[in-house]
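The structure appears below as structure tokens.
The values are calculated or read from the model by the stated rules, or taken from the named source; none is laboratory data. All figures in this text were calculated on a predicted structure; none of them were measured in a lab. Reconstructed Cβ throughout: ideal geometry from the backbone, glycine too, with neighbour counts over all protein chains shown. These accessible areas exclude ligands, DNA and RNA; they are computed on the full protein's heavy atoms, side chains included. Shrake-Rupley method; radii C 1.70, N 1.55, O 1.52, S 1.80 Å.
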Amino acid sequence: MTPNELNYSPIEKLCLALVFSIQMLKHYFQAYVVRLVSKANSIKFVMSKPVLSDRQARWYLQFQQFEILYIPQKAIKGQALADFLADHPIPDDWELIDELPDKDAMVVKVQPPWKMYFDGSAHREGAGAGVVFVTSQGEVQPYSFTLTQICSNNVAEYQALILGLEMAVDMKQLQLQVYSDSQLVVNQLLGSYEVKKPELRPYHNYAKKLMGWIGDVIIQHVLRKENKKDDALVP
């Protein structure tokens with residue numbers, strides 16, 4: 001991998017691995033239906049992007065040429081376990097032993113989920129976004145972004161959310177509590193409000209996909225005074 005490729009996000013590296021496979025095994029991809037077993041759906045990631053970069057557009061064209069079916073890796077593991085249990089049935093007279101002599105009990109400490117606050121704001125010169133992470137240890141990690149594209153406040157809010165969720169995916173945070181003072185964005189993601197404006201739908205759909213990739217995401221509305229740290233980061 002080139003130095004630039006080493007800086008790709010984990011999902012982009014998966015896309016790149018698929019591209020390498022296509023280049024080396026193109027005749028197999030042309031002749032058969034290929035089943036892609038992976039933790040993340042790299043094909044869906046590229047095809048669901050509202051805006052594609054040049055690199056992602058090239059990937060999109062390559063993926064479109066072949067019939068590739070995505071299979072979640074968890075499903076494969078679960079099927080392997082089911083097959084093993086079917087081949088090795090437990091005898092009816094087998095007794096469950098709950099005492100483990102000479103074994104130390106292992107205690108797993110469950111870490112509290114990370115918290116994420118986001119805010120976006122539009123102005124005449126462009127727009128800005130702020131994201132603040134609070135780790136399970138209470139460490140505060142603030143990030144500020146300048147959005148050069150002129151957009152509405154609601155689009156800026158969605159872009160701030162997407163930036164935060166993409167960082168959470170890169171950091172492999174499987175538990176996340178998300179807070180925002182944008183009542184519209186929060187309620188649209190919760191399904192309480194319908195996404196009526198067409199310009200918001202691509203952002204809404206992509207944000208939902210990112211939340212699905214993370215796994216356990218809780219999103220809540222907070223008052224603006226509780227979101228002051230994030231408001232201060234918006235350029």
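When ARG58, ARG124 are compared by accessible surface with a 1.4 Å probe, the order from highest to lowest is ARG124, ARG58. For the range 12-33 versus the range 166-226, the inter-centroid distance based on Cα atoms is 33 Å. Of the peptides 32-43, 171-182, the ranking by mean beta-carbon count within 10 Å, highest at the top, reads 171-182, 32-43.
Which shape class, rounded, prolate or oblate, goes with the range 164-224 when its Cα gyration tensor gives a ≥ b ≥ c as root eigenvalues, a/c under 1.5 marks rounded, and past that a/b bigger than b/c marks prolate? It comes out oblate by the Cα gyration axes. With every protein chain in place and a 1.4 angstrom probe, the accessible-area ranking of LYS196, LYS209, largest first, reads LYS196, LYS209. Sorting the segments 153-161, 132-140, 184-192 by their mean number of nearby beta carbons within 10 angstrom, highest to lowest, gives 153-161, 184-192, 132-140. About the centre of its Cα atoms, the range 1-52 shows a dipole size close to 180 debye [charges on the beta carbon of Lys, Arg (+1) and Asp, Glu (-1) only; nearest 20 debye]. Taking all protein chains into account, the per residue accessible area for the range 139-200 stands at 51 Å² (1.4 Å probe).
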